[in-house]
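Have a look at the structure below before the remarks.
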Amino acid sequence: MADNSFSDGVSSDSLEAAKNASNTEKLTDQVMQNPQVLAALQERLDNVSHTPSSYIETLPKAVKRRINALKQLQVKCAHIEAKFYEEVHDLERKYAALYQPLFDKRREFITGDVEPTDAESEWHSESEEEDKLAGDMKNKVVVAEKEAATAEEPNPKGIPEFWFTIFRNVDMLSELVQEYDEPILKHLQDIKVKFSDPGQPMSFVLEFHFEPNDYFTNSVLTKTYKMKSEPDKADPFSFEGPEIVDCDGCTIDWKKGKNVTVKTIKKKQKHKGRGTVRTITKQVPNDSFFNFFSPLKASGDGESLDEDSEFTLASDFEIGHFFRERIVPRAVLYFTGEAIEDDDNFEEGEEGEEEELEGDEEGDDEDDAEINPKV
């Protein structure tokens with residue numbers, strides 16, 4: 001009986017296994033007969049088989065060897081490109097010296113140290129031409145009124161709050177400026193860009209020149225941006241030109257009680273044993289544009305920065321680049337807002353052009369079908 005029971009048990013397990021296998025095969029057949037499943041599998045196989053890396057792996061060793069030789073050439077190209085950008089930096093330095101006399105005169109007009117001549121002040125805008133075309137009769141009627149108004153019109157020195165107005169106009173800068181920064185920035189008289197000397201590591205310095213004020217004793221605040229124009233040894237193919245890699249600020253000599261980059265808070269402390277309470281005051285960091293001169297340092301010891309620090313550093317680099325490339329060279333247009341309008345129109349034009357191109361592509365397909373029926 002024992003032998004028969006054991007034999008029956010084995011037979012039962014075998015039947016169960018066979019039944020499960022049969023069910024699995026039926027389920028597989030049903031799945032594979034589903035067109036959506038087959039399409040998904042085929043798409044996945046197509047994507048795998050057509051990736052560049054998978055294609056390279058299928059090539060003969062002799063071809064792979066030649067591809068490696070091409071990569072060696074590409075690295076050499078990257079190093080030549082780096083030298084090209086170093087020479088571009090030398091050209092920037094050369095032309096910065098040519099621009100500087102004009103920027104010096106700009107500062108004199110802004111501060112009111114020099115009054116522009118009539119010839120220097122002459123500028124015909126489109127709106128003025130339109131007004132002229134409106135007719136001389138209308139102008140004659142209001143001549144007397146204008147002369148009277150001009151006599152009473154205030155004549156401040158220079159162009160008041162020139163740079164502060166630029167800070168207010170440019171979103172990237174206005175986001176950094178707090179209400180208590182504003183009276184300080186109204187004392188800003190000039191911003192200059194200075195490039196590193198020949199033979200020195202690539203860098204540029206932003207100089208913020210202030211008139212005497214009640215907040216700090218510095219006449220100039222500086223921010224130095226260090227740059228690199230060489231391919232990364234670990235990833236030479238990522239090279240796309242010079243990049244800012246670090247920056248240094250300066251010490252602001254704040255007058256007593258005027259440091260807007262810190263704030264004083266009061267905190268209560270309770271003694272564990274006696275239960276008495278005391279109030280202490282301490283200084284903590286405060287949001288301010290002038291934190292711009294105490295930048296976060298890029299990690300130089302091989303340790304990676306956290307995500308927030310990387311974002312802060314990248315934003316700092318972007319602002320420094322914007323001062324150098326846009327604001328300082330075209331200051332008057334950011335004061336009037338014309339440069340900002342141009343930037344906005346350019347962005348809108350790009351989006352509109354992309355939409356039109358998409359429509360043209362659809363139309364081109366139809367035209368091709370009419371011209372060449374085989375398409």
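The values are calculated or read from the model by the stated rules, or taken from the named source; none is laboratory data. These numbers were taken from a predicted model, which means no experiment stands behind them. Don't worry about glycine lacking a Cβ; one is built from the backbone with ideal geometry, like all the others, and counts go over all protein chains shown. The area values use the complete protein model at the heavy-atom level, side chains included, leaving out ligands, DNA and RNA. Shrake-Rupley method; radii C 1.70, N 1.55, O 1.52, S 1.80 Å.
Are any of the pairs K223/K266; K226/K282; K76/K233; K226/K263; K105/K255 more than 23 Å apart by Cα-Cα distance, and if so, which?
Values: K223/K266 33 Å; K226/K282 34 Å; K76/K233 12 Å; K226/K263 31 Å; K105/K255 31 Å.
Those over the limit are K223/K266; K226/K282; K226/K263; K105/K255.
Through the Karplus equation 6.51 cos²θ - 1.76 cosθ + 1.60, θ set to phi - 60°, convert the phi angles of region 168-179 into ³J(HN,Hα) values in whole Hz; use x for Gly and Pro.
Result, ordered by residue: 6, 7, 8, 4, 4, 8, 4, 5, 8, 8, 8, 4 Hz.
Across every pair of different alpha-carbon atoms, what Kirkwood hydrodynamic radius in Å does region 228-281 reach?
Numbers: mean 1/r = 0.0586 Å⁻¹.
Value: 17.1 Å, from the Cα pair sum.
Would you work out which of T279, F289, S309 lies farthest towards the positive end of the dipole of region 267-318, given +1 charges on the beta-carbon of Lys and Arg and -1 on that of Asp and Glu, about the Cα centre?
T279
Lys and Arg at +1, Asp and Glu at -1: add these up for the other residues within a Cβ distance under 9 Å of F292 and post the number.
On the way: positive: K223; negative: D316.
Here the charged neighbours net out to 0.
What's the ranking of 94-100, 210-216 by average number of surrounding C-beta atoms within 10 Å, highest first?
Put in order of decreasing packing, that is 210-216, 94-100.
Given a 1.4 Å probe, how much area per residue of region 194-303 is accessible, in Å²?
Spelled out: the 1.4 Å probe surface of region 194-303, per residue, equals 65 Å².
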